[in-house]
Amino acid sequence: LDFQINTRWRANLGLRLEAFSKISPSLQILPKAVLSYTANEQWSFFGAYDRSSSYIHRFRSGYEASPTDLPFLANGNRPASNMDQISTGLVYKNKILSINSSLFYRNYSGVLDRDYQENGNLYPISYLGLNPLSDLSKGTERVNGWAYGWENRAQLQFGIARLDLAYTWSRAFRQSDELNNGKAYPFEFNREHSFNSTFLLRFKKNKINKITEFSISYTYGSGNYTQFALQQQLNPFDHLPYGFISNRNNAQLPSIQHLDFSFHFIKEKEKGTRVFTISVFNATLNENIFRYSEISTLSGSPELRGEVTLPIYPSISYAYYF
């Protein structure tokens, strides 16, 4: 429902229904409301509330510092999770520049998280080797959570050039009486600082419908939090712990960053569009480690190591769209 209260105030109300007969709860009622105020042709302000649900839980497959996002479908014992978000912000627009900035707070209920002390890995070590768990929900707990942050997006368009900028500052936590001695702990997938910029040049020859695009983008994300196998894994031979940490997700990983650029040669034809692309991913050769391990040295101080793929990804592709 859309209500134009007067020349400056506008309200938008919505209601979504989600129904799945074999998943609990089978019916979800999800309201949404937006109230906006237009000060003039350039400035506007808004406040919003939104409720959403997720029938897919996500958690890590093991206690090692690998950002493996494992899906697990909600069921009767592990119902769907909900997120309630309130936000407020502003929008600015003129002929060449647009800016969107907002503050948000999110509350989570019924989220699943792994109890690594009960089942540290989906492939635990035993005397017979690796035994994959058949029930992915084994060793999980329902937790509550919250997050808050600041989101910003800007776009500058000038002639054949366009610049897109995005920055998000956020903090996210989880808490349960059954985990981490009841204390709140950082959400392992959250990055406190995220930044992305893309610069695009687009040249077009109208007579032959030939387009050349050049783009360069930079991405940065501060390190997320985790814990390591040696801190919680039980020795399978004598069942003695290697070590126990008092706080969950107590280690912050290094940041990630990469610089990418690409050339797109586009030709528009009567029966389709041809696109020839040359691109390079991670041109800075930064070693973005995707899997970490903690190695104890002879002196007893931990040393952080990890695994990386190729530091640079050149690519050539050809596509034809009908």
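Arrange the residues 193, 258 by how much accessible surface each exposes, largest first, with a 1.4 angstrom probe. Could the numbers behind the result be given before it?
Values: 193 65, 258 35 Å².
These residues rank, largest area first, as 193, 258.
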Protection proxy ranking of 81-90, 41-50, 1-10 - average other beta-carbon atoms within 10 Å, highest first: 81-90, 41-50, 1-10
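What order do you get for 310-321, 164-175 when each peptide is scored by the mean count of other beta carbon atoms within 10 Å, highest first? Can you show the working numbers first?
On the way: 310-321: 11.0, 164-175: 16.8.
Most protected by this proxy first, the peptides run 164-175, 310-321.
The values are calculated or read from the model by the stated rules, or taken from the named source; none is laboratory data. Please read these numbers as outputs of a predicted model, since none were measured by experiment. Neighbour counts are summed over all protein chains in view; Cβ atoms, including those assigned to glycine, are modelled from backbone coordinates with ideal geometry. Please note that ligands, DNA and RNA were not included when accessible areas were found on the heavy atoms of the full protein model with its side chains. Shrake-Rupley method; radii C 1.70, N 1.55, O 1.52, S 1.80 Å.
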